[in-house]
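Asker: Quick one: the structure is below, and I'll ask about it shortly.
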Amino acid sequence: MASVNLDPDMAVGGDAPENRYPFMVQLQQFMVVSYVHHCGGCLLTASYILTAAHCATVSLKLQAQAGTVWRNSNDQGQRRNVLRMVAHERYIQDGTTGPYDIALAVVEEPFLVDGVNVAIIPLLPPYYQHPHTTEVVGFGKIDHDDTLPDRLRFVQCRLHPPNECERVDTVGSFCVGNPGATACQGDSGGPVVGTIDGTDWLVGLVSHGLEVCGTGPIICTDVNFYGNWIGEVINSLTFENEESEE
């Protein structure tokens, strides 16, 4: 699916402050003569980006950009070519979204992580409960005219029980948001962040929602549920890279 769709009379959010979300990554696809916004992502390590499986279309030529709050910036941030995208093996690429909507992207050269402009974000540990309030971050559509924002946006969203969601995937997901505070096309794969005792944790990834943005909660991939899969894929890809360099 899925900019942060925000009704200022109903929600808390807006333009993201500089360096507030230094783990935010733009995945950009090559279109004719330049790279344009495709999906969001989160920097897990200097070389690995977590995103949504439905963003991992094999035929696309992608690059990743981190370290800027500006969409498709030509003079800010760091850009890296995406070498490979690995979607969850049980995700079905059929033009819709559903369970197992998670993927890892590997970049050609590690990002320079300084902890200020570019930083990694840890996964929410299993001993923590999901925060009742999260922040959804992205560059997706901000109105019904398909307008994309120039600057990164965020919105505060509350956690919903499954019975309050329009559509609930039974595997590894949860839903957040309310009318006027949700995500939209272009936010897919972007971070759903929870802050506990001053520390930001990656709680989920934007997956999909209702056809009309801003009319109800969105479905998010629960990254904690996929912790083992994430670790296994990173270990496998790291081993492959080390073998290829020998």
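Asker: Based on the mean of other beta carbon atoms within 10 Å per residue, what is the order of 25-37, 100-112, 194-206, most packed first? Please list the in-between numbers first.
Answerer: On the way: 25-37: 16.6, 100-112: 20.9, 194-206: 19.2.
Packing order, densest peptide first, comes out as 100-112, 194-206, 25-37.
Asker: For the range 10-123, just list the percent of Cα-Cα distances falling in each 5 Å bin from zero outward, please.
Answerer: The distribution over the range 10-123 is 2, 12, 22, 22, 19, 13, 7, 2, 0, given as percents.
Asker: Can you list, by residue number, the Cys in the chain that have no neighbouring cysteine C-beta under 4.7 Å?
Answerer: Result for the chain is CYS42, CYS157, CYS220, no neighbouring Cys Cβ within the cutoff.
Asker: Still on this structure, I have one more. Per the 1.4 Å probe, what fraction of the accessible area of the range 24-107, in percent, lies on carbon and sulfur atoms?
Answerer: 52 percent
Asker: Something else: What does the helix-only formula give at 222 nm for the chain: each DSSP H stretch with n ≥ 4 adding -39500 (n - 2.57), the total divided by the residues, and the result rounded to the nearest 500 deg cm²/dmol? If you can, show how the numbers build up before the last one.
Answerer: Numbers: 1 runs with 19 residues, N = 246.
One gets -2500 deg cm²/dmol as the mean residue ellipticity at 222 nm.
Asker: Another question, if that's okay. So, counting K/R as plus one and D/E as minus one, what does the shell of residues with Cβ under 9 Å around VAL193 add up to?
Answerer: With Lys, Arg at +1 and Asp, Glu at -1, the neighbours total -2.
Asker: Hey, what's the chain come to in accessible area per residue, 1.4 Å probe, Å²?
Answerer: For the chain, the solvent-accessible area averages 46 Å² per residue.
Asker: Cα atoms only: what Rg and Dmax, in Å, come out for the chain?
Answerer: Every Cα atom of the chain included, Rg and Dmax give 16.5, 58 Å.
Asker: Can you tell me the relative contact order of the range 24-107? Whole percent, Cα pairs under 8 Å, sequence separation 6 or more.
Answerer: 31 percent
The values are calculated or read from the model by the stated rules, or taken from the named source; none is laboratory data. The structure displayed is predicted, hence computed values, not measured ones. Methodologically, a virtual Cβ is constructed for each residue, glycine included, from the backbone with ideal geometry; neighbour enumeration extends over all protein chains shown. Just so you know, the surface numbers come from the protein's heavy atoms only, side chains and all, with ligands and any DNA or RNA stripped out. Shrake-Rupley method; radii C 1.70, N 1.55, O 1.52, S 1.80 Å.
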